[in-house]
């Protein structure tokens, strides 16, 4: 298997599982993974949050961990990466206001590199024009943004474990969808896992 170089866009209060688990999965299969955040340098951390589904009208939020950034956001060259991961949580809400973030997402899409976005992650895809004419899913609260951005909304299944693939884009509604979401992303990357 050829080693791939993956970029993950993170920020404070990114969803803990949606950053930590894909990061570890991608390392586990042998890929290089750079995690960046605007205004942060290697060795800085982002605070994570754990979102859980406990029977209320929306998810609950608890403080997670400090996740160490391992690459310099200012030095990111989208052409140097084979794929992009956009975790959810609170981070996409404000990261989408950073024009360089949007430019990175747009460049990855225009190059038709695999993009995996989960939960609130499509909030970065919408302003970059990635969702226009594409089928995708997200956490249900993001549905109006998906539709307003010209996307076709695919409702999550009852267990939020599904992934939706449209071309080089794979989306999932929540961390419960990690197995399907990451399997689809690895397939788009051409990653072969030997049993």
Worksheet, complete the sentence: Taking 0.36 nm per residue of separation between residue 45 and residue 193 and subtracting their Cα-Cα distance, the length gained on full extension comes to 50.2 nm
Response to the item:
Where a ≥ b ≥ c are root eigenvalues of the Cα gyration tensor, a/c under 1.5 meaning rounded, otherwise prolate if a/b exceeds b/c and oblate otherwise, the chain counts as rounded
Discussion item. If I build a Gaussian network model for the chain, linking alpha-carbon pairs within less than 10 angstrom, which residue out of 74, 109, 180 has the largest mean-square fluctuation?
Written reply: 74
Worksheet entry | Percent RCO, i.e. relative contact order, over the range 86-195, from Cα pairs under 8 Å lying at least 6 residues apart | 24 percent
Item to complete: Let me have the 222 nm mean residue ellipticity of the chain computed from DSSP H runs of 4+ only, each contributing -39500 (n - 2.57), with the sum over all residues rounded to the nearest 500.
Response: -7500 deg cm²/dmol
Worksheet item: Normalised by the number of residues in the chain, what is the relative contact order in percent for Cα pairs under 8 Å and 6+ residues apart?
Response: 19 percent
Worksheet item: Going 7 Å from the Cα of residue 100 in the Cα-to-Cβ direction, what parts of the range 20-41 have a backbone nitrogen less than 12 Å from that spot?
Response: 36-41
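No value in this document is a laboratory result; all are computed from the given coordinates. Here the structure is a predicted model, which means the values were calculated and not measured. Counting neighbours? That spans all protein chains shown, and the Cβs are built from the backbone with ideal geometry, glycine included.
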